[in-house]
1. Please compute the length gained on full extension between L66 and D160, using 0.36 nm multiplied by the number of residues separating them and subtracting their Cα-Cα distance.
2. Provide the packing ranking of 152-159, 205-212, i.e. peptides ordered by the mean count of other C-beta atoms within 10 Å per residue, highest first.
3. What is the packing order of peptides 186-194, 27-35, 68-76, taking the mean over residues of other C-beta atoms within 10 Å and listing the highest first?
4. What FRET efficiency comes out for L276 versus Y89 if R0 is 45 angstrom and r is the Cβ-Cβ distance? Round to the nearest 0.05.
5. Which entries of K178/K199; K149/K178; K127/K278; K127/K239; K181/K271 show an alpha-carbon separation above 24 angstrom in the structure shown?
6. Given R₀ = 35 Å, FRET efficiency for Y196-K28 by Cβ-Cβ distance, to 0.05?
Amino acid sequence: MEEIKPPKIENKINVPEPWAEAELKAEKITEQELEVYNYIFSEHTKVIPFLKGDADKRQMDDQAFLRRIYSNASKTFGLGEKEAEMTFYRLEILRVNYRPSSNVDFSPEAIEQNMPRYLEYYRECRKSMIVGAAMNRDHAVSWRPEQFKVGCTALTLDADLPDDQPAIHPGANYKPTKESKTRCAEKHAVEGAILYNTKLIIAITIVSKESTTGDPSKSCGALHPCLECRRMYRDLLKKGILREDSIICSANDSELDEEGMPSVIQEMSVKELLDLYKDDPEE
Ligand SMILES: [Zn+2]
């Protein structure tokens, strides 16, 4: 098993609470509803046994997993299961739609100041991002008989989304014929973010069972981005959309650990990754 490298976070700042006191009052959210929401939310983000089995099985696991959460919530809070579920979704929709009253400042200075908070947010949702990337991989299209498949999630801050909460964009590789040009999972996710006028890519998570993009001498425990993608990262760095301290997290789930997560997870800052590939040829 490879060493898991945590990103360097200088100072930890807590992610803001989803609601301020005033919103709780305005939306008439009761204390118990909030407790139910927090309970279900934290259960959601616990280790999810999604990665085991094939896609159909996983979807059933997914449903069974959610049912179990609602059932536990109903026992814990003395509610019906449906009521627990509806409480969660009502509050989740409110949380997602919550808009700050002030305009979001996307200046480089503001992003610099908030970056530790965004990286902290990434760390909180990393498991979900890995699971999401593995699920996105099910949509990958590969011409190869042995099916080269990669899934991705990108955590970004987008100007065209209603608030300053980071968004997650999905990606999967697409190469239907041997002759077609590969559209990598990372490119797919980044293109999706760009459609929402992304101002910052906080982290990109890639999940695959592969360890090389074709050059065995560059084999890694978890798939590293290909030359094209590294060029894309350099371009995004120049544009300020990607930062040197943004995270690239590669996971290989050909083997799973006891929690059902990929046994190899490699995390690097963009700077660390690009430093590894300093000898990349110019375009
Ligand atoms: Zn690529």
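1. 30.7 nm
2. Going by the mean number of other Cβ atoms within 10 Å, highest first, we get 152-159, 205-212.
3. Sorting 186-194, 27-35, 68-76 by mean packing, highest first, produces 186-194, 68-76, 27-35.
4. Once rounded, the FRET efficiency stands at 0.55.
5. Result: K178/K199; K127/K278; K127/K239; K181/K271 exceed 24 Å.
6. E between Y196 and K28, to the nearest 0.05, is 0.65.
Read the figures in this text as sums done on the coordinates, not as results from a lab. Worth saying up front: this structure is predicted, and the values here are computed from it rather than measured. Cβ: placed from backbone, ideal geometry, glycine included. Neighbour counts: every protein chain shown.
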